[in-house]
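Okay, structure first, notes after.
The values are calculated or read from the model by the stated rules, or taken from the named source; none is laboratory data. Just so it is clear, the structure is predicted and the values come from calculations on it, not from any experiment. Glycine gets a Cβ as well: all are built from the backbone with ideal geometry, and neighbour counts include every protein chain shown. Areas reflect the complete protein model, heavy atoms only, side chains present, ligands, DNA and RNA absent. Shrake-Rupley method; radii C 1.70, N 1.55, O 1.52, S 1.80 Å.
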Amino acid sequence: MHDPSRQHRAPGFPSPSVREAASMYGTAVAVFLVILVAALQGSVPPENPFPYRIFLDPQGTLELSWNVSYVQEAVYFQLFVRGLKAGLLFGMSDRGELENADLVVLWTNGNSAYFADAWSDRKGQIHLDTQQDYQLLQAQGTPDGLSLLFKRPFGTCDPKDYFIEDGTVHLVYGILEQPFSSLEAINTSGLQTGLQRVQLLKPELPVPTMPADMRTMEIRAPNVLIPGQETTYWCYISELPPGFPRHHIVMYEPIVTKGNEALVHHMEIFQCAGGFESFPHFSGPCDSRMKPNRLNYCRHVLAAWALGAKAFYYPEEAGLPFGGAGSSRFLLLEVHYHNPLKIQGRRDSSGIRLYYTATLRHFDAGILELGLVYTPVMAIPPREPAFVLTGYCTDKCTQLALPAAGIHIFASQLHTHLTGRKVVTVLARDGRELEVVNRDNHYSPHFQEIRMLKKVVSVLPGDVLITSCTYNTEDRKLATVGGFGILEEMCVNYAHYYPQTQLELCKSAVDAGFLQKYFHLVNRFNSEEVCTCPQASVPQQFASVPWNSFSRDVLAALYGFAPISMHCNKSSAVRFQGEWDLQPLPEIISTLEEPTPQCPASQAQHPAGPIVLSIGHGRG
């Protein structure tokens with residue numbers, strides 16, 4: 001279960017040898033397991049016990065599996081630890097920090113083993129939680145390590161606990177390499193630590209029936225030598241066979257090279273624009289100067305996978321079209337390698353397996369781009385902890401572009417660049433917000449996937465779709481403007497829906513003329529001159545704004561009331577006929593409330609403190 005040579009004895013205890021101390025800890029854990037199995041029986045969801053699995057650390061020594069019980073509103077975790085040393089920390093935090101984290105801790109003082117719900121303060125000091133909400137159900141020793149089974153309610157109403165909700169969850173861990181005399185003696189600053197991002201609350205959806213003539217196609221990296229650096233985006237161009245006819249993609253799943261599960265972070269397949277006869281072949285880092293510029297026209301998402309995700313299924317009545325006349329044969333695979341240990345010499349052939357059929361389904365699935373136009377008129381001031389920008393798909397556009405029966409959104413991929421922290425899209429009808437299409441309160445630009453919705457959202461003509469993004473620019477000295485560059489910003493929801501319509505983009509931006517009025521106003525009220533000369537670009541104007549409470553508040557107010565320019569665009573990038581400039585903001589008279597934790601009915605069955613087992617100095 002562990003390597004005796006890696007154990008250390010705790011000060012203040014009798015002085016057995018290192019091997020004896022290790023044996024004592026092994027005995028403690030072994031007895032600990034027997035007692036727990038007998039005393040802490042709990043129910044695990046009976047269907048596939050743990051369908052979701054990831055490695056927490058790059059070495060693959062911490063393997064986490066989980067399942068979700070929506071009836072109990074709880075997550076069941078199984079954590080397998082290979083080569084257990086003196087214990088570990090596992091838990092969740094807002095952005096993946098080990099400070100101010102909600103934790104469960106397994107540790108030893110060299111004489112006894114302990115398991116407890118804990119939390120860390122802003123200095124990384126560990127404290128016992130007065131409310132023990134991680135319930136240990138089972139622990140089992142194996143020849144390779146230790147397996148822990150425990151559960152945690154979504155919400156606990158404990159101010160020290162993390163509220164588990166839909167969207168991204170930042171999981172954190174720490175390895176204890178030596179015994180500690182007490183829980184309070186542990187500080188995260190001296191530990192080997194890390195984080196992993198997942199969507200814990202996966203939707204419970206039935207698997208659709210697959211067509212009899214279904215075929216597969218694998219789009220894989222070509223035996224790539226993974227660079228020995230922390231982050232790499234690898235781009236690889238492949239192509240469909242000549243004359244490949246129109247098909248429907250009905251499902252896709254990841255293919256991860258064995259041994260690289262902890263390094264392959266996420267993958268996407270993009271279809272290139274149909275307006276080009278050919279695209280140059282390329283295999284290399286996506287930010288390489290050798291990357292052909294034409295690859296920037298490969299943006300139409302066909303598939304996207306991220307760590308912890310399973311297979312993606314289209315509804316039985318719809319499929320994503322690819323191939324055939326007007327469709328590009330060229331596909332771009334993008335693989336994100338996360339290699340914090342800078343491992344050298346590892347080769348990878350990971351990718352995505354597409355399942356497709358020549359028997360076209362009743363509906364073509366489409367992708368509708370919601371949010372903000374890629375334009376510098378939408379900007380975030382520097383040093384902002386939580387600045388919100390909002391883009392609209394207005395009632396005028398949906399009334400004109402959607403069929404009478406509406407469309408049905410079944411999946412969604414949220415997207416910002418580096419400063420994005422939250423994203424939400426809400427459906428409104430007759431001035432009232434009705435339901436959330438997709439929300440991620442802990443969004444990370446480093447973890448993006450197409451997520452199936454728990455409930456299909458139907459959008460009718462005349463409805464409004466409102467997409468809001470929250471940004472943190474506390475580490476920036478200049479304004480961050482909208483645009484395509486990685487240091488610029490975006491606010492997008494790629495909504496996957498059926499039946500496909502001509503509408504491909506429904507986004508907005510503040511009217512450029514009103515923004516110029518803002519620059520003139522700031523210029524009048526500040527001693528520092530703002531460059532409002534006609535030849536200055538909008539980014540130059542924002543760069544010259546003296547950022548103070550006045551200029552910040554007025555910009556936020558401008559975005560909250562000024563008319564907008566609507567982009568109600570067809571797939572040809574041509575707007576639908578109509579007047580789209582100087583449009584009023586949609587009037588919303590009733591808004592939805594943020595989700596709040598539902599407190600468990602009773603905490604009486606939970607222990608008041610750590611589960612403890614004291615032992616003597618016997619051998620195991």
Legend entry - Apportionment of accessible area to carbon and sulfur, region 498-548, percent (1.4 Å): 51 percent
Inset, instruction - Note the full-extension length gain between residue 399 and residue 246 as 0.36 nm times their separation in residues minus their Cα-Cα distance, in nm to one decimal. - result: 52.1 nm
Inset, instruction - Can you quote the Å³ per residue value for the convex hull of the Cα atoms in region 474-547, rounded to an integer? - result: 139 Å³
Legend entry - Residues in region 314-328 reached by a label modelled at residue 571 [backbone nitrogen below 12 Å; 7 Å Cα→Cβ]: 320-328
Legend entry - Hits among aspartates and glutamates - C-alpha to C-alpha of residue 123 under 12 Å, sequence gap 8 or more where chains match: 97, 99
Legend entry - FRET efficiency, residue 484 to residue 192 (Cβ-Cβ, R0 35 Å, nearest 0.05): 0.40
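Which whole-number value in Å² is the accessible area per residue of region 178-329, probe 1.4 Å?
That works out to 46 Å² per residue.
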Inset, instruction - Past 25 Å, Cα to Cα, is the threshold; run 310/455; 455/570; 291/570 against it and keep the listed order. - result: 455/570; 291/570
Inset, instruction - Compute the Rg to Rh ratio over region 334-377 from the alpha carbon atoms, using the Kirkwood formula for Rh, and round to two decimal places. - result: 1.18
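Before rounding to the nearest 500, sum -39500 (n - 2.57) across all DSSP H runs of length at least 4 in the chain and divide by the residue total; then give [θ] at 222 nm in deg cm²/dmol. Write down the numbers at each step before the final one.
Numbers: 5 runs with 61 residues, N = 620.
The per-residue figure over the chain is -3000 deg cm²/dmol.
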Legend entry - Around residue 334: net Lys/Arg minus Asp/Glu count, Cβ-Cβ under 14 Å: -1
Inset, instruction - Work out, step by step, the length gained on full extension between residue 358 and residue 214: first 0.36 nm times the residue separation, then minus their alpha carbon distance; give nm to one decimal. - result: 51.1 nm
Inset, instruction - May I ask you to evaluate 6.51 cos²θ - 1.76 cosθ + 1.60, the Karplus curve with θ = phi - 60°, for each residue of region 81-97 and list the ³J(HN,Hα) values in order in whole Hz, giving x for glycine and proline? - result: 10, 8, x, 4, 9, 10, x, 7, 10, 8, x, 9, 8, 4, 10, x, 7
Inset, instruction - Enumerate the helices in the chain for which the Kyte-Doolittle hydropathy averages -0.5 or more and the C-alpha atoms extend at least 30 Å along the helix's axis, using complete DSSP H runs. - result: 18-39
Inset, instruction - Note the full-extension length gain between residue 138 and residue 592 as 0.36 nm times their separation in residues minus their Cα-Cα distance, in nm to one decimal. - result: 159.4 nm
Legend entry - ³J(HN,Hα), Karplus 6.51/-1.76/1.60, whole Hz, each residue of region 205-221, x for Gly, Pro: 10, x, 7, x, 5, 8, x, 5, 9, 5, 10, 10, 9, 9, 10, 10, 5
Inset, instruction - With a probe of 1.4 Å, find how much accessible area region 508-593 has per residue, and write the answer as a whole number in Å². - result: 56 Å²
Inset, instruction - Distance from a point 7 Å along Cα→Cβ of residue 97 to each backbone N in region 377-392: keep the residues under 18 Å and list them by number. - result: 383-387
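Using only the alpha carbon atoms of region 237-319, find the Kirkwood hydrodynamic radius as the inverse mean reciprocal pair distance, in angstroms to one decimal.
Working: mean 1/r = 0.0659 Å⁻¹.
Over region 237-319, the inverse of the mean reciprocal pair distance is 15.2 Å.
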Inset, instruction - Quick one: which residues, 5 or more positions from residue 232 or on another chain, have an amide H under 5 Å from its amide H? H modelled 1.01 Å from N in the peptide plane, none for Pro or chain starts. - result: 337, 339
Inset, instruction - Just flag the chymotrypsin sites (Phe, Trp or Tyr not before Pro) in region 469-534 sitting in loop per DSSP whose Cβ has no more than 15 other Cβ atoms within 10 Å. - result: 484, 525
Inset, instruction - Given the peptides 290-300, 174-184, arrange them by the average over their residues of other C-beta atoms within 10 Å, most packed first. - result: 174-184, 290-300
Legend entry - Computed over the chain, the ratio Rg/Rh where both radii use C-alpha atoms and Rh is Kirkwood: 1.00
Legend entry - Packing rank of 429-437, 196-204, where each peptide gets the mean count of other beta carbons within 10 Å, highest leading: 196-204, 429-437
Legend entry - Carbon/sulfur fraction of accessible area - region 375-417, other protein chains in place, 1.4 Å, %: 57 percent
Inset, instruction - Work out from phi, with θ = phi - 60° and the Karplus expression 6.51 cos²θ - 1.76 cosθ + 1.60, the ³J(HN,Hα) of each residue of region 435-452, listed in order in whole Hz, and give x for Gly and Pro. - result: 7, 7, 6, 7, 9, 9, 7, 10, 4, 10, x, 8, 9, 10, 8, 7, 10, 5
Inset, instruction - Leaving ligands, DNA and RNA out of it, work out the accessible area of residue 94 with a 1.4 Å probe and give it in Å² to the nearest 10. - result: 80 Å²
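If you roll a 1.4 Å probe over region 137-260 with all protein chains in place, what percent of the accessible area is carbon or sulfur?
Result for region 137-260: 50 percent of the exposed heavy-atom area is carbon or sulfur.
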Legend entry - Radius of gyration and maximum dimension Dmax of region 49-193, Cα, Å: 14.2, 41
